[in-house]
Amino acid sequence: MLRHIAGRVGQAIVTTFGVLTLVFFLMRLSGDPTLLLVPQGASAHQIAILRHQLGFDRPLIVQYVAYLRQLLQGNLGMSLVQRMPVASILGSRIPYTTELAAGSLVVAVGIGIPAGVAMAVWRGSLLERSLAALVFAGQSMPTFWSGILMILLFGVVLGWLPTSGVAGLPSLIMPSIALGALSMASFARMTRIAVLDELSRDYVAAARARGLSLGAAVVRHVARNAAIPVVTVAALEIGNLLAGAVIVETVFAWPGIGQLAIQAIAARDFLVVQAIVLFVSFVFIVMNLLADVVYAVIDPRIRLSS
Amino acid sequence: MGIMKTAFLAAAITTIGIAGLIGAPAPALAAPKTKLTVDLPNDVATMDPQLQWDTDSYSVYRNIFDNLVTRNTSGKIVGQVASSWHYKSPTEIVFTIRNDIRFQDGSKLTPADVVYSVERITNPAFKSPQLSQFDEITSAAVTGPNEVTLTTKSPYPVLLAQLVKLSIVPKAYIEKVGNTQFNLHPIGSGPYKLADWQHGVRSVLTATPGYWGGKPPFEKVVFRVVPQDATRVADLRAGVADIVRQITPDDAKSLQSDHAVKVLAVPTERVGYLFVNAQWGPTKDVRVRRAIAMAIDRKGLISALLGGYAKPVNVVLTPASFGYPTGIKPWPYDPQKAAALIKAAGAEGARLPFLTSPAYPQNIIQAIQQMLDQVGLKVVIHQMDQASYLRDRQGTPQEAGSLAFGLWSCACQDADGTIWPLFHTGSIWSKYSNLAFDKAVDAARSTLDAKARMADYHTAFEILHRDVPGVGLYQADAIYGARDQLQWTPTPNEAFFIMDMKWK
Amino acid sequence: MNGRFTPGIAAILGLLAIYVFVAVLAPWIVPHNPLRQILLLRLRPPLTYSPSAGWFLLGTDDVGRDLLSRVVDGARASLMVGALSVSVSLLSGTVFGLLAGWFRGWIAIVVMRIVDIVLSIPAILLAVLTVAVLGPSFANLILVLGLTRWPRYTRVAYAQTLQVATLPYIRAAEMAGARAPRILLRHILPNIAGPLMVVATTEFGLMILFEAGLSFLGLGIQPPYPSWGSIMSEGQNYVASAWWMTVFPGICLFGVVLCVNLLGDWLRDRLDPRAQSR
Amino acid sequence: MSVALQVSDLRLAIGGVNVVDGIAFSVAPGEVMALVGESGCGKSLTAQALLRLLPRQVRQTGGRILLEGEDITALPERRLRQIRGRRISMIFQEPQAALDPLSPVGAQVREASGLASVAAREAVRRMLAEVGIADPDRRIDQYPFELSGGMCQRVMIASALISRPAVLVADEPTTALDVTIQAQILDLLRRLAAERGTAIVLITHDMGVVADIAERVAVMYAGRIAEIGPTAAVFSRPRHPYTALLLAAIPRLADEPKSRLAVIEGSVPQPSEYGAGCRFVGRCPFADARCNAEPPPLLETDDGHFSACWHTERLA
């Protein structure tokens, strides 16, 4: 188990390094923030001076090595646009994204998993078809569209919920639904397949032959067995949620790292973008390791064999 | 698990904290208004006033800091930290500094702080993007008990207009805490001080007791970040916000039917213009450029798309700026003649790349495209993000496209800040070269004699009118929406002084 | 939902056919020129009639263009973006996956590591970044979407190829002297085409959503040409006053993506032995 | 003679075709009755029907199942749940697949006992001991993956018998096990049947197993019973050509228990290919016009020995 985890971490480090490198060069190829920073009337000479002072006239490879060196010392650097340590910028945004991701997971898991179980148990019924339509509807809407319409309906017309921004739990509801709807279908589909898979196994028939009802068999035996692939999906979906958060946070003016990422790319705030990508990779790794731990908790074959 | 738990906890605490801060939106009518809520489209980029001058940032920090000089509501430059000034020579200007100003930490504002502020922003090592606005200044020195003298390279007529943007920062405090801490926890001498700044969410200012300029009208001012136009308007209607910055002309029109709110609009020095590349492509031919000028129905654009919240301009400058010429008539709107000119130039069906970014009004750009297509051109819109737009627009004549829409403001209300960078030979914005024009604008930039400058600019604008390296379209309004009780007159330079506001 | 050909699936296929039909015939069936602006008739609600210009069944947009015509014409852009970008990513992703699965060793290590790298950058960020580098154009949009999504196919193609390559008849073909390209194309590709088609189907819906998302950020189809995403993005500021600009293209987009997703799910059930009834 | 289970005229249909077509048999307490046939003959469906646990697409279209005299064919699901595991229970072909991999085996045995915790644990422990599991105190908390296949089947048997049901349906209980283990499990079943008076319906395709354990045997072919009777009689004097061919196919080495039914020429007809007459007609050496036209009835040839063939006399 430990060796397995070490291997995973090693792989993840290689991946993260690759991600960082890719993003570093992509960002540098897209220009630099100097033009965005200077007042409109600045001359070419004045722009060149600022670019030099900011260090963007150095060869790319020099900038790259300097960045890596700084990173290895645990320093994410200073945002040249906001003139603040990148770590503190990120630190102020991460809680919001965490909040949003948690809210969306509640929506996605809370609807997706029961729907998936129901779809498997009542396979071929009208209920299955209706649930399928529901979860796929959630996945088939552009988040910004459903977001805008929700804002219009619940925020502007009905006035039940804050239109956007951060204002306690009520303001979390709409963004969570908009974002959670995306993952809901993945959870439902995976749960359905996993439960169907398990339902066809002999131990379910054996449990029923012992006098258990189908419901009791699902609760006592199927649920835990089916949970294993679903946990894998959950770990992957966290990544998808972070990607979806980019648009949702922009629509709802939610001050998380998704919104920050778009703003930072637009502003060519390189170090902030790189730090966000680093953070996302980190979350990926942690989630996958967490999934491994959950497997071990659920499955005695993993727990006891290590 | 630990990480998740901590994050959740942090999130929960944030949520509770925010819920407490926002409180009830609708205040009781009887109690005096103590808290003003403002919706801005963007967060403050930096609280350090010497790092940039974007509208959202200075809407906030300009209430924390006093500047050396400022503009009054009628647009005239008046003293703020300086009580008066005089030119000792064409390159030396002497300011008398008020001695009754204190910073928010209680320390006195001295001439040394003024000198420090100038030296800080002009020090290349500080990497201020604003350096270019002040790099004509060669030295700043304390020359008397309450006196500071600034020296410029050459006679520099726009100096005072540029100094409107110079905030005075506390030397001792910055030297103690450093630039990063100063940016996060700024201290100024203005009517408000920063109480809380949640990045991307809000900044909260509270009134400075005993402010030298009088009692601030509200105890507390909350600036919220609300990027969506529609949401700012909804907040205003719902009473969640008392005043919102930057609403669209369409929203302004729809707000007129709501009696609880009002629209505050003022013509600014911001000019909407169409750049026409005189050094590359079909528009190298002056006939094509003139045809473009004649193909655009500016009045139609303004009435249909800007809801009247703009005024047509005759040149690439607004009347709010020094140097706006009176006698020059624009090219008349005449699509037939334009089409004929294009035919004569053999440019029928010529492809004109039209650069733009999401920062500019899309409907105007598409309307211009149709107007130009109707006279026989083929305009192709290239929409890219702002950074790429600037890179291409400021690149070589080939990269800059044939056309580009721009909204120009030099924040100095002077022709020098507009047509010099836009059209002077060798400027990064200019894809045009005319030595007579260069001579006129160079002359206007190096004399303090207002009459002579006016004459120079008249000459310059006549040349531009003939050569059409750009088409002035309109003077844009700054449009604010406010609750009806708020008394305030917005200014052409888009200052956002809480001190000038009142609640009725 | 269980892999059989039901009336529901027939209805979905029929609806998709209508979409494609409308998209192909758009230039001939639009009631107005989708690019023609009438500034005096901007932001008119659905069912507006103008004596000079005729009916505007779905209203007009913010520069007075007929919304119905733009939505119909937008179907073309949206479906084209979906189809072309899926083709690009399907093709490149499959080639990499086949090669990695066939040759294994360091080629597989390198390819699959790149796959991991690309997949661990949130797709929309990668797309925004790449657009910033390449500059926006229709071709670049396709390229960007394709380049962002190919790893999905590579993963599937790789896993399937590994599996299929060990089958006896492949080994037999190999021993009989068939060369790698021939084996890959004639024997392995047909065997892994099913799962790839399932991925391609759901990706198609995703790409349409993706284009809309990029348009929302101002980086999609170039104006004045309409795509559903760009119409909605132009409409977002008028959502309170001119809801039709946001609602109608959104419904069209929702409809097609829903159909494609349901179709993909049906295909998956048909092809995935694990989900078959026992 | 008392009867634990009596099945009469059982018909099961998939999409309108009777895949089990009117079979009938009965089992006495303590008796082992084998249901033997090739795969697809309907023996497993019959087993599932006995517990009323048929797959959804299968419908019972006729017949009665009497469990200790009570007809369970019409009982509601709620009553059936009280019967399953208490009065009739089942064990499966792959014991490891029939146990939930994530639950301790003891818990799964207890599930069938319907007892509360403390008493249950002791009951489970005793039951495990009874099915021959050494060190039941340790095993009770172990997971299926920690147990061997034979041990798992013992656990299954324990869970099936802990409530002392009248009937145990054993669906190919030894097929997946090693030869030596197979014999042990069969011994165990025989012993328990005798000791507890449990009637066992043994589903198998293995004539060797039948010979080893069953007192009576029913040979199924294509959804019908071809021949039924005491094992000794059927083996010594088969009265149906199918049985005869099956027996002939057993390798001569008498103690070879792994004999399979695979060496008869031709193949079992698909349900869609069933004709009007005898279903073995395609593979039968005696087939004639009558066989093609009319299904042969199941007639008693000797005492307790029945066969469904128009040509029984030719096998005498």
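The values are calculated or read from the model by the stated rules, or taken from the named source; none is laboratory data. Owing to the predicted nature of the structure, the values given are computational and were not obtained by experimental measurement. Cβ: placed from backbone, ideal geometry, glycine included. Neighbour counts: every protein chain shown.
Is it the case that the stretch B:131-154 has a residue that's at negative phi, surrounded by fewer than 19 Cβ atoms within 10 Å (Cβ to Cβ) and in a helix (DSSP H, G or I)? No: the stretch B:131-154 contains no residue that is at negative phi, surrounded by fewer than 19 Cβ atoms within 10 Å (Cβ to Cβ) and in a helix (DSSP H, G or I). Among the residues of the stretch C:21-52, which ones are among the β-branched types (Val, Ile, Thr), over 30 Å from B:Asp297 (Cα atoms) and either surrounded by 14 or more Cβ atoms within 10 Å (Cβ to Cβ) or within 14 Å of chain B (Cβ to nearest Cβ) (or both)? Once the filter is applied, which keeps residues that are among the β-branched types (Val, Ile, Thr), over 30 Å from B:Asp297 (Cα atoms) and either surrounded by 14 or more Cβ atoms within 10 Å (Cβ to Cβ) or within 14 Å of chain B (Cβ to nearest Cβ) (or both), the stretch C:21-52 yields only C:Val22.
Which fully enclosed helices (runs of 4 or more DSSP H) of the stretch B:303-393 have 2 or more residues being within 12 Å of another protein chain (Cβ to nearest Cβ) and over 22 Å from the mean Cα position of the chain (by Cα)?
By residue number, B:362-374.
Close Cβ contacts (under 7 Å, 6 or more residues apart or on different chains) running from residues in the stretch D:133-148 that are within 14 Å of chain A (Cβ to nearest Cβ) to residues that are in a loop (DSSP other than H, G, I, E, B) and of a type in the set (S, T, N, Q) comprise D:Pro144/D:Gln96.
Among the residues of the stretch D:149-157, are any part of a loop (DSSP other than H, G, I, E, B), under 20 Å from A:Arg208 (Cα atoms), within 12 Å of another protein chain (Cβ to nearest Cβ) and not hydroxyl-bearing (Ser, Thr, Tyr)?
Filtering the stretch D:149-157 down to residues part of a loop (DSSP other than H, G, I, E, B) leaves none.
Checking the stretch D:149-157: not a single residue is part of a loop (DSSP other than H, G, I, E, B), under 20 Å from A:Arg208 (Cα atoms), within 12 Å of another protein chain (Cβ to nearest Cβ) and not hydroxyl-bearing (Ser, Thr, Tyr).
The rows are residues; the columns are (1) surrounded by fewer than 24 Cβ atoms within 10 Å (Cβ to Cβ); (2) within 22 Å of B:Leu341 (Cβ to Cβ).
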{"site": "B:Lys378", "(1), (2)": "yes, yes"}
{"site": "B:Arg391", "(1), (2)": "yes, no"}
{"site": "B:Trp408", "(1), (2)": "no, no"}
{"site": "B:Phe423", "(1), (2)": "no, yes"}
{"site": "B:Gly426", "(1), (2)": "yes, no"}
{"site": "B:Trp429", "(1), (2)": "no, no"}
{"site": "B:Leu435", "(1), (2)": "yes, no"}
{"site": "B:Ser446", "(1), (2)": "yes, no"}
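Only one entry of D:Leu53, D:Leu35 meets the criterion of being touching a residue at least 12 places away in the same chain (Cβ under 8 Å) and either touching an Asp or Glu at 6+ places or on another chain (Cβ under 6 Å) or crowded, with 20+ Cβ neighbours inside 10 Å (or both), and that entry is D:Leu35.
Every condition in (1) part of a strand (DSSP E or B); (2) more than 20 Å from D:Glu313 (Cα to Cα) is met by D:Val210 except one, and the failing one is (1). The residues listed here are D:Gly63, D:Gly69, D:Gly85; of these, the one that is within 10 Å of another protein chain (Cβ to nearest Cβ) and at positive phi is D:Gly85. When the stretch B:475-497 is limited to residues that are in a loop (DSSP other than H, G, I, E, B) and aromatic (Phe, Trp, Tyr), the one that is surrounded by the most Cβ atoms within 10 Å (Cβ to Cβ) turns out to be B:Phe496. Inspect all residues belonging to the stretch C:93-103 and state whether any of them is surrounded by fewer than 21 Cβ atoms within 10 Å (Cβ to Cβ) and of a type outside the set (A, V, I, L, M, F, W, C). No, the stretch C:93-103 contains no residue that is surrounded by fewer than 21 Cβ atoms within 10 Å (Cβ to Cβ) and of a type outside the set (A, V, I, L, M, F, W, C).
Scoring B:Glu269 on the criteria (1) within 14 Å of another protein chain (Cβ to nearest Cβ); (2) assigned to a strand (DSSP E or B); (3) surrounded by fewer than 24 Cβ atoms within 10 Å (Cβ to Cβ) leaves a single failure, condition (3). Among the conditions (1) free of Cβ contacts under 8 Å to residues at least 24 places away in the same chain; (2) under 30 Å from B:Val266 (Cα atoms), the only one that B:Arg393 does not satisfy is (1).
Using the structure shown, decide if D:Ala74 is over 12 Å from the mean Cα position of the chain (by Cα), over 23 Å from D:Leu189 (Cα atoms), part of a loop (DSSP other than H, G, I, E, B) and not basic (Lys, Arg). Judged against the criteria, D:Ala74 is a match. Scanning the stretch C:102-134 for residues that are at pLDDT below 90, away from every other protein chain (no Cβ under 14 Å) and assigned to a helix (DSSP H, G or I) yields C:Trp102, C:Phe103, C:Gly105.
Of the residues D:Ala98, D:Ala107, the single one that is at the interface with chain A (Cβ under 8 Å from one of its Cβ atoms), hydrophobic (A, V, I, L, M, F, W, C) and without any contact (Cβ under 8 Å) to a residue 60 or more places away in the chain is D:Ala98.
Could you tell me whether C:Asn237 is of a type in the set (S, T, N, Q), farther than 23 Å from B:Pro361 by Cβ and at the interface with another protein chain (Cβ under 7 Å from one of its Cβ atoms)? Break it down stepwise before answering.
Numbers: of a type in the set (S, T, N, Q): yes; farther than 23 Å from B:Pro361 by Cβ: no; at the interface with another protein chain (Cβ under 7 Å from one of its Cβ atoms): yes.
When the stated conditions are applied, C:Asn237 does not pass them.
Against the conditions (1) polar (S, T, N, Q); (2) in contact (Cβ under 8 Å) with a residue 24 or more places away in the chain; (3) touching a Ser or Thr at 6+ places or on another chain (Cβ under 7 Å); (4) not in a loop (DSSP other than H, G, I, E, B), C:Ser215 satisfies every one except (2).
Per the conditions (1) surrounded by 24 or more Cβ atoms within 10 Å (Cβ to Cβ); (2) facing another protein chain (nearest Cβ under 9 Å); (3) under 29 Å from B:Val201 (Cβ atoms); (4) not charged (D, E, K, R), the sole criterion not satisfied by A:Leu241 is (2). Within the stretch A:119-129, at least one residue is assigned to a helix (DSSP H, G or I), in contact (Cβ under 8 Å) with a residue 40 or more places away in the chain, away from chain B (no Cβ under 13 Å) and in contact with a Lys or Arg (Cβ under 8 Å, 6 or more places away or on another chain).
C:Pro226 fulfils the conditions (1) more than 8 Å from every other protein chain (Cβ to nearest Cβ); (2) assigned to a loop (DSSP other than H, G, I, E, B); (3) modelled with pLDDT under 90 except for a single criterion, (3). Being assigned to a helix (DSSP H, G or I), without any contact (Cβ under 8 Å) to a residue 40 or more places away in the chain and not charged (D, E, K, R): is that true of D:Ala119 here? Answer is yes for this residue.
The number of residues in the stretch C:242-254 that are part of a helix (DSSP H, G or I) and either of a type in the set (Asp, Glu) or more than 8 Å from chain A (Cβ to nearest Cβ) (or both) comes to 6. Do we have any residue at all in the stretch A:193-210 that's surrounded by 23 or more Cβ atoms within 10 Å (Cβ to Cβ) and part of a loop (DSSP other than H, G, I, E, B)? The answer is yes; a qualifying residue exists.
Sub-6 Å Cβ pairs linking a first residue in the stretch A:288-306 that is surrounded by fewer than 16 Cβ atoms within 10 Å (Cβ to Cβ) to a second residue that is at pLDDT below 85 and among the small types (Gly, Ala, Ser), at least 6 apart or interchain, are A:Arg303/A:Ala296, ordered by first then second residue. The residue list A:Val280, A:Val286 contains one member that is part of a helix (DSSP H, G or I), within 11 Å of chain B (Cβ to nearest Cβ) and closer than 19 Å to A:Ala102 by Cβ, which is A:Val286.
Can you spot a residue in the stretch A:137-146 that is part of a helix (DSSP H, G or I), in contact with an Asp or Glu (Cβ under 8 Å, 6 or more places away or on another chain) and farther than 25 Å from A:Phe270 by Cα? First the steps, then the outcome.
Step one: of the stretch A:137-146, the residues part of a helix (DSSP H, G or I) are A:137-139, A:143-146.
Applying the additional criterion that residues be in contact with an Asp or Glu (Cβ under 8 Å, 6 or more places away or on another chain) yields none.
No.
With the stretch B:179-226 as the region, which strands (runs of 3 or more DSSP E) entirely inside it contain at least 1 residues that are among the polar types (S, T, N, Q) and within 25 Å of B:Trp503 (Cα to Cα)? Quick ask: steps written out before the conclusion?
Values: elements: B:192-198, B:202-207, B:220-225.
Hits in the stretch B:179-226: B:202-207.
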